[in-house]
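First up is the structure itself, then whatever we jot down about it.
The values are calculated or read from the model by the stated rules, or taken from the named source; none is laboratory data. Remember, it's a predicted structure, so these values are computed and weren't measured experimentally. We place every Cβ from the backbone using ideal geometry, glycine too, and count neighbours over all the protein chains shown. The protein model used for the area step is the full one, side chains on, heavy atoms only, and it has no ligands, DNA or RNA in it. Shrake-Rupley method; radii C 1.70, N 1.55, O 1.52, S 1.80 Å.
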Amino acid sequence: MNLENSKSDLSCSSFIEHLEEFRRRLILSLLMFFVSFMLCFMIKEYLLNFLLLPYKWAMTLSGGDPDLIRLQSTQVLETFVTKVKISAFGGVILSFPFVAFEAYCFIAPGLYRKERMAFVPFLIAAPLLFLIGAAFVYYLVAPLVFWFGLSQQLTLDTRLHIDFIAKISEYLSFMTSLILAFGFVFQLPVVTTLLIRIKLLNYTTLVAMRKWACIAAFILAAMVTPSDLLSMLALALPTVLLYEISIFLARAVEKKHR
């Protein structure tokens with residue numbers, strides 16, 4: 001009876017220690033996000049100008065003057081709230097490597113040494129691939145989408161002229177949603193390779209699911225991108241390509257660890 005009580009006490013003590021560890025790392029992660037948010041808020045004007053560059057490039061491509069672009073604000077505090085959202089968005093990206101490391105440190109004690117070693121390369125690859133996905137949006141997808149939108153402006157005669165003037169909040173929502181969507185989609189090779197390393201997925205399963213993965217890619221793209229065909233295709237097609245890359249990596253990993 002005493003032995004059973006002793007085991008129960010040890011189990012309870014271990015659970016409480018895990019909760020304390022989780023609480024400590026969660027607080028550290030939130031503090032890091034807050035510090036990153038404050039740093040981004042201090043340079044919010046520069047961040048806004050940075051996010052406007054794809055729009056300016058699109059204006060240049062469409063033959064307009066990039067120095068004359070206009071965004072509209074229809075609510076009293078819309079511009080301020082948009083700058084706060086920009087700062088929060090920057091804070092998430094800036095604090096992501098630290099938060100990912102804290103998450104790894106929390107789960108690492110429960111893993112075998114081989115599993116811990118499998119995680120380490122992906123802590124480096126994940127932020128790098130996120131940045132590649134974000135750069136793909138920033139330098140290619142967003143300028144092309146804006147250029148296409150600007151090219152649809154009409155001047156049928158002197159009495160009808162249709163101008164594209166985006167709301168500042170909608171512009172920010174468009175940019176951040178695309179950056180986050182592409183950043184996370186570019187994690188596909190990392191996630192699949194990691195699952196293969198820890199024996200939760202294999203090459204044969206990935207090949208068998210190829211058709212359904214392509215369908216899911218288009219459905220996901222339609223859900224997370226703005227309601228235009230160009231943005232959807234710009235996300236869906238790279239997703240399919242990344243899935244094919246994941247299949248190639250899966251085969252390479254399985255051959256290496258046989």
Give me the one-decimal nm value for the distance between modelled label points at THR74 and GLU45, 7 Å along each residue's Cα-to-Cβ direction.
2.8 nm
Tell me whether the stretch 191-258 comes out rounded, prolate or oblate; compute the Cα gyration tensor, take square roots of the eigenvalues as a ≥ b ≥ c, and use a/c under 1.5 as the rounded threshold.
prolate
With a Förster radius of 35 Å, plug the Cβ-Cβ distance of LEU53 and ARG24 into 1/(1 + (r/R0)^6) and report the FRET value to the nearest 0.05.
0.30
Only helices at least 20 Å long along their own axis, judged from Cα atoms, and with Kyte-Doolittle mean hydropathy of -1.0 or greater: name those in the chain from DSSP H.
2-42, 44-61, 78-107, 113-136, 168-185, 210-224, 229-256
Based on Cα positions only, what radius of gyration and what Dmax would you give for the chain, in angstroms?
23.4, 94
By the Cα gyration tensor axes a ≥ b ≥ c (a/c under 1.5 gives rounded; else a/b larger than b/c gives prolate, otherwise oblate), the shape of the stretch 167-227 is oblate
Consider a paramagnetic label point 7 Å from the Cα of THR204 along Cα→Cβ; state which residues of the stretch 235-255 have an amide N under 20 Å from it.
246-255
If you place +1 on the Cβ of every Lys and Arg, -1 on the Cβ of every Asp and Glu, and leave all else neutral, what size is the dipole of the stretch 77-116 about its Cα centre, to the nearest 20 Debye?
160 debye
How far is it, in nm, from the label point at SER173 to the one at LEU94 when both lie 7 Å from their Cα along the line to the Cβ?
2.6 nm
Restricting to lysine pairs 8 or more places apart or on different chains, what number in the chain have Cα atoms under 17 Å apart?
9
Computing the accessible area with a 1.4 Å probe over protein heavy atoms, can you report the carbon and sulfur percentage for the chain?
70 percent
How far is the Cα center of the stretch 21-51 from the Cα center of the stretch 187-208, in Å?
32 Å
Let's test the formula: R0 of 41 Å, r as the Cβ-Cβ distance of SER151 and PHE106. What FRET efficiency results, to the nearest 0.05?
0.25
Rounded to the nearest 20 debye, what is the charge dipole size of the chain about its Cα centre when +1 sits on each Lys and Arg Cβ and -1 on each Asp and Glu Cβ?
920 debye
Give the residue list of trypsin sites (Lys or Arg not before Pro) in the stretch 16-101 that are DSSP loop and have at most 15 other beta-carbon atoms within 10 angstrom.
ARG70
Decide, for the stretch 30-136, between rounded, prolate and oblate: order the square roots of the alpha carbon gyration tensor eigenvalues as a ≥ b ≥ c, take rounded if a/c falls under 1.5, and otherwise choose prolate if a/b is larger than b/c, else oblate.
oblate
